[in-house]
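The values are calculated or read from the model by the stated rules, or taken from the named source; none is laboratory data. These numbers were taken from a predicted model, which means no experiment stands behind them. Neighbour counts are summed over all protein chains in view; Cβ atoms, including those assigned to glycine, are modelled from backbone coordinates with ideal geometry. To get the accessible areas, we keep the full protein, side chains included, count just its heavy atoms, and leave off ligands, DNA and RNA. Shrake-Rupley method; radii C 1.70, N 1.55, O 1.52, S 1.80 Å.
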Amino acid sequence: MRNRLLSMVIPFAAGLVLSSPAFAQVYYGPSSQGKRTKEAEAAAAAAPKPAYDPHDISGVWWGRGNSFFMGKPVGRYDSPTISPPPLTAWGEEQFKAHKPSSGPHAVEPALGNDPLGHCDPLGYPRNLWANDRPFEMIQTPGKIVQIFEWGHTSREIWTDGRKPPKDPDPRWYGWAVGHWEGDTLVVDSTGYDERTWLDNLGYPHSEGMHLQERFHHPDAMTLEITMTLDDPKTYVKPWMGGKETYHLQLPKGATVLEEAYCVPSEEESFNQGVRDPAGKGISSK
Amino acid sequence: MKFKFAIYVILVASFLMLGIPLSAHHGTGVAYEVDKLVTIKGTVVDWLWSNPHCGLLFDATDEKGNLVHWGAELGNPHQMSGAGFGKDSFKPGDKITATGHPAKSGAPRMTLDHVVLADGRMLSGKGVKGNGEHDDSSY
């Protein structure tokens, strides 16, 4: 009897939810890519700015052409100007083995080995800046979930006081814990899979990489991130990143990230049909 | 005089705008002759509406009468739909005229600048956002 009642109530409740005005509204896509229409942009421009709370960093944030690489100042894909600390011998070996398609060591994508070329996970921190795409921060009492538009993937930043795991299995997006120091959220992360690159130039890191990020929210519309990378196996001293500025995408709470997947099977077809012949000088498919 | 100056400014601005997205696209400047354009008339073999790159494969006949299998690189479906492309934009057998930047390797591959369909419609090969602005994102 109870099951029959539930089977009647659930569809009715679902119907009510789906027919609510929220689902009839415009989808405010982020403005970096895709289909944010003029109508949606006008509505976003007219949306009220949210109330300012320095400890509320929720929302969709976009860098609008920020740095694509660790450190500042930087240029565009083909002319980056960064000054990383010297590499160790091991770091140099990794860097030489990486064959990117951007920057001074660029090779044709078909002849390179960028993990991106086969849709491998970009990992962190590369997904933060590699493709100039936005990310969303969702805050809960015990953790912050950061969703990246590229790959529609996420990482957790635990803020419930737990310690970082000791000797964890490496992950593409590492293990992150955060705490507030005044109005700055300090995030420490470790346990990274060293197959990922730091950036589109192919700078490496090891499993021993420790990232410290400082998130600062100086006004309702702005989020600043500064990052320090400490990885003695790869770099002879810590790499101090520059301040990255991200802008809140309005309307807050209604902006939708694009489902930007890199689909391995589709990219393989593209590589076989276009990219590999282009790079390798093959005259037919 | 003012008119001539305006034309000059438009030409320079157009040239600059052309250069920005090409340098921004992942690997484009490395693999393709970004300051050179070729135009090829051909017949569609396959249309790859795929993430994160679309591809247009077509056959053409060269000046010696040989069949050449061509391929063109485009952005992702989200970008390309803003420029008017769709999953069903092409089907095998469609006659097209494709203009793009040729591969540096000499292979019959290009990164698409624009394509003219059999019905005369022209579509830009560069991604366009929903608001009409050019999209120079890499992926």
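Tell me the net charge near residue A:255. Cut-off is 12 Å between Cβ atoms, residue A:255 excluded, with +1 for each Lys or Arg and -1 for each Asp or Glu. Neighbourhood net charge equals -2. Summing Cβ point charges (Lys, Arg +1; Asp, Glu -1) relative to the Cα centre of the range B:28-130 gives a dipole of roughly 160 debye. Coupling constants for the range A:141-153 follow from the phi torsions by the Karplus curve (6.51 cos²θ - 1.76 cosθ + 1.60, θ = phi - 60°), and in residue order they are x, x, 7, 10, 9, 9, 9, 9, 5, 5, x, 6, 10 Hz; glycine and proline get x. With coordinates expressed along the principal axes, the C-alpha atoms belonging to the range A:56-284 extend over 59, 43, 33 Å, beginning with the largest. Modelled this way, with points 7 Å down the Cα-to-C-beta line, the labels at residue A:145 and residue A:113 are 3.6 nm from one another. Considering the zone a paramagnetic label at residue B:43 would reach in this model (a point 7 Å from Cα along the Cα-to-Cβ line), which residues of the range B:82-117 have amide N under 20 Å from it? Inside the label zone: B:89-99, B:108-109, B:116-117.
What is the sum of charges, Lys and Arg at +1 and Asp and Glu at -1, for the other residues whose Cβ falls under 13 Å from the Cβ of residue A:219? Summing Lys and Arg as +1 and Asp and Glu as -1 gives -3.
Return the average number of partner chain Cβ atoms within 10 angstrom of each residue Cβ along peptide B:36-49.
Numbers: counts 0, 0, 0, 0, 0, 0, 0, 0, 0, 2, 3, 0, 7, 1.
Across B:36-49, the average partner-chain Cβ count within 10 Å equals 1.
Counting protein heavy atoms only, the range B:28-130 has 50 percent of its accessible area on carbon and sulfur, 1.4 angstrom probe. Counting only other residues whose beta carbon sits under 15 Å from that of residue B:120, what net charge do I get with K and R as +1, D and E as -1? Counting the neighbours of residue B:120, the net charge comes to +1. Each chain gives up part of its surface: B and A jointly bury about 3300 Å² of accessible area, both sides summed, for a 1.4 Å probe. Projecting the Cα atoms of A:144, A:182, A:212 onto the dipole axis of the range A:142-285, where Lys and Arg carry +1 and Asp and Glu carry -1 at the beta carbon, places A:212 farthest toward the positive end.
Taking 14 Å as the straight-line reach from the Cα of residue A:163, the aspartates and glutamates in range (excluding those fewer than 8 positions away in the same chain) are A:188.
Could you work out what % of the accessible surface of the range A:56-284 is carbon and sulfur, using a 1.4 angstrom probe and leaving DNA, RNA and ligands out of the count? After summing per-atom areas, the C and S share lands at 51 percent.
Restriction of the trypsin sites (Lys or Arg not before Pro) in the range B:60-118 to DSSP coil positions whose beta-carbon has at most 14 other beta-carbons within 10 angstrom yields B:64, B:87. Pair-distance distribution of the range B:28-130: all C-alpha pairs, bin width 10 Å, starting at 0; shares per bin in whole percent are 16, 52, 29, 3, 0.
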